[in-house]
Amino acid sequence: MSEYQHDHIVPFKDSPVAKKEQVADMFNKIAFRYDFLNRFLSAGIDRGWRKKAIAELYPLKPQIILDVATGTADMPILMMNLLNPERIIGIDISTGMLELGNIKLKKFRLTNRITLQTGDAEAIHFPDGSFNAVTVSFGVRNFQDLEKGLSEMLRVMTAGGKLVILEFSRPKNGIFLPFYKTYLRFIAPRIGKIVAGNLDAYKYLNDSVNAFPEGSLFTDIMKKAGYRDTYFKKLSLGICTIYCGIK
């Protein structure tokens, strides 16, 4: 049984199935509007957040990268443009999201350098030391077992490899905080219902962000999982945070 409240936050509270199955079902249902809602709900700044996260890998120059919870492949496509590695593998538990990601790869002619496949962050089907870097953008909140996911990502990295995580967080600014809470709790779910026909997915966004062990609490969990030289950087008044650690 997990010790973290975050691991027990689920999209559909009345569902009898496990969290990861619920998350896969949720993303399959909203996949057709996911990219649009990302841009709309973040006012387009999510792309800038991804670029800043990728910048943490510039000194390492990784050639083989794993992107966990890859969704519709925004992160692998951006990494290919900014880092120019030999190969990127993207895994996700949502087949609906991966289908849309593969359409993008064909559009940008990247199918020979980026591969998307169904995969579980807590049981990664690659040998030890397969990747020079692992990235996760807005995906660790969805892990069913946070420590297990972190341990698996550590296992598949080479020694000296780097984990870069991008995740939502709660701003500490006293003036801005009430507006942020109102937006995340009331406005975003209603927009999600109007655009994607799914209120639960964006209520889950609010619940999972509030339950996530952010900042130094999360880097402590990374250290417990075996990462060294961990650090975090707050972005956009704390709405988003980059977490990094080395194997």
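The values are calculated or read from the model by the stated rules, or taken from the named source; none is laboratory data. Note that the coordinates shown come from a computational prediction; the quantities given were computed from them, not determined experimentally. Neighbour counts are summed over all protein chains in view; Cβ atoms, including those assigned to glycine, are modelled from backbone coordinates with ideal geometry.
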Margin query: Return the pair list, or none, for Cβ contacts closer than 8 Å from residues in the range 205-219 that are surrounded by fewer than 16 Cβ atoms within 10 Å (Cβ to Cβ) and part of a helix (DSSP H, G or I) to residues that are at pLDDT 95 or above and not polar (S, T, N, Q), at least 6 apart or on different chains.
Written below: 216/232
Note to self: Quick check on this structure: which one of 69, 24 is of a type in the set (Gly, Ala, Ser) and modelled with pLDDT under 85?
What the structure shows: 24
Note to self: I'd like the full set of residues that are at pLDDT 75 or above and within 16 Å of residue 141 (Cβ to Cβ), limited to the range 28-49.
What the structure shows: 46, 49
Check: Do you know which of the residues in the range 127-144 that are more than 14 Å from the chain's Cα centre (by Cα) and in contact (Cβ under 8 Å) with a residue 40 or more places away in the chain is farthest from residue 20 (Cα to Cα)?
Finding: 132
Next item on the list: Please state which of the following conditions residue 163 fails to meet, knowing it meets all the rest: (1) of a type outside the set (Val, Ile, Thr); (2) farther than 21 Å from residue 27 by Cα; (3) assigned to a loop (DSSP other than H, G, I, E, B).
Entry: (3)
